[in-house]
Amino acid sequence: RFASAGDDGIIFLWNAQTGEKLFELHGHTHKITAIAPFFSSGASGENDQLILTASADRTVIVWDCSSGKQIQKVSCFHSTVKCLTVLQRLDVRLSGGSDLCVWNRKLDLLCKTSHLTDAGISALLELPKSCVVAAVGKELIIFRLIDRPEGWNVVEVKRLDDHQDNILSLVSVNDLTFVTGSHVGELIVWDALDWTKQASECNFWDSSLHNDAQPEIKLSQSPNETSVQHLTSDEECVFAAVGKGIYVYNLQMKRVIACQKAAHDSSVLHIAKLPNRQLTSCSEDGSVRIWELREKQQLPAEPVPTGFFSMWGFGRANKQANQAARKTQENTTMYFLELVGDLIGHSSAVQMFLYFGDLGLATCSADHLIILWKDGERESRLRSVTLFQKLAQNGGSQITF
């Protein structure tokens, strides 16, 4: 199952396999600004699947996904809640707006920070040692949650101001690392334990790895072309949606290893890693594309002629340098992103999608459509298997056309 939410304030729950609408949740009066699914142990001991939703009407609601009923509603916020996070280990819920609030499972307020900024928290991420990181403008603020006998407390631990512009994306790589991306094209890799900067990349659009036949000459870059709109990771690489392009940043090599500078005609809004070294992206232009990370075939390095310089003893050095360059080239694997699928069906910006493995892909768009995409070859095989099973059940009866 999955949930969709829109500017009309309504949440729909869907069956990802059949596309059937299961529930229509009414309770908000303005657009939905955040949504977070989580499990909670019920009275029977079973895990109930719930979702938290926040709206521009300054309310947060807990819904039961099994019944579609509203469980709890809170409307004491002074600003719009822009992000929601559930910390299952601590059994608390966090809401981020002009301040950071900590709630228990009944949505009783446990503690909160003082007013941060009018712009508020745009993203939240759980860190080890009962900490969370909040993106507030171009700053990252580390908070620690403390559970004392007298009650909960949230304490600001550190502020990281390495970004030059607003932070748009925040993603966890693993328990030790997280990554942030900004409006002016900065990607920073952080240590999740001591909150120090491990590596950074800020010249995506100048990369020589792009597959354009001729480099595009521009006097200046507009912010939309360099903005890191979304990040995802598979622990080995970080995949960044930068402007209209997609860039693959290897965490061990600390460099971009592949890119598609013009992956779409407009800004890439969302990307996700799929199995088998594949990647899916969607864009403001209404397109959804599937890419595959492949290795480039390396051509052997040609020897450098020594010519005149060999008379003065330079030839031997050149030969050694050439051998070193050839060895480096052989040891460095080159990659590229190849387009392997183009899903055409939306007429406006595709804002997000969800991948369900064998069940396919669900996309949502500003054209008011949600589309379920299936693997045609797999679905055909499933239909064939079903057909033969029916034949076997009917005693091998013949089929006429």
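The values are calculated or read from the model by the stated rules, or taken from the named source; none is laboratory data. These figures come from a predicted structure and were not determined experimentally. All Cβ positions, even for glycine, are placed from backbone atoms using ideal geometry, and neighbour counts span all protein chains on display. When the accessible area is computed, the model is the full protein with side chains, heavy atoms only, and any ligands, DNA or RNA have been set aside. Shrake-Rupley method; radii C 1.70, N 1.55, O 1.52, S 1.80 Å.
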Distance in nm between pseudo-label sites at LYS374 and LEU387 (7 Å out along the Cβ direction from Cα): 1.4 nm
Place a +1 charge on the Cβ of each Lys and Arg in the stretch 7-103 and a -1 charge on the Cβ of each Asp and Glu, then give the dipole magnitude about the Cα centre in debye, rounded to the nearest 20. 220 debye
Counting only protein heavy atoms, what percent of the accessible surface of the stretch 1-75 is carbon or sulfur at a 1.4 Å probe? 44 percent
Distance (nanometres) between label positions extended 7 Å along Cα→Cβ at ASP8 and LYS106: 3.6 nm
Might you work out the accessible area of ASP265 for me, using a 1.4 Å probe with all protein chains in place, and round it to the nearest 10 Å²? 110 Å²
Modelling each spin label as a point 7 Å along the Cα-to-Cβ direction, I'd like the SER130/ASN15 distance in nm, to one decimal. 4.4 nm
Mind listing the phi-derived Karplus ³J(HN,Hα) values for the stretch 275-292, rounded to whole Hz, using 6.51, -1.76 and 1.60 with θ = phi - 60°, and x for any glycine or proline? x, 6, 6, 9, 9, 10, 9, 9, 9, 4, 7, x, 9, 10, 10, 10, 10, 10
Please give every one of the lysines within straight-line cross-link reach of LYS21, meaning a C-alpha to C-alpha distance under 25 Å, and leave out same-chain neighbours fewer than 8 residues apart. LYS31, LYS69, LYS73, LYS374
Taking a 1.4 Å probe, which of LYS390, LYS73 shows the most accessible area, and what order do the others take after it? LYS390, LYS73
Rounded to the nearest 10 Å², what accessible area does CYS76 show when all protein chains are kept and the probe is 1.4 Å? 80 Å²
Ordering ARG294, ARG289, ARG381, ARG277 by accessible area with a probe of 1.4 Å, largest first, what comes out? ARG381, ARG277, ARG294, ARG289
Which order do TYR249, TYR355, TYR335 take when ranked by solvent-accessible area (1.4 Å probe, heavy atoms of all protein chains), largest first? TYR355, TYR335, TYR249
Would you tell me the accessible area of ARG255, worked out with a 1.4 angstrom probe on the heavy atoms of the protein chains, in Å² to the nearest 10? 80 Å²
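So what is the accessible area of the stretch 1-75 per residue, in Å², with the probe set to 1.4 Å?
Working: 3880 Å² over 75 residues.
Value returned for the stretch 1-75: 52 Å² of accessible area per residue.
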Once amide H atoms are placed 1.01 Å from N in the peptide plane, what residues at a sequence separation of 5 or more from ALA34, or on another chain, have their amide H within under 5 Å of its amide H? ALA54
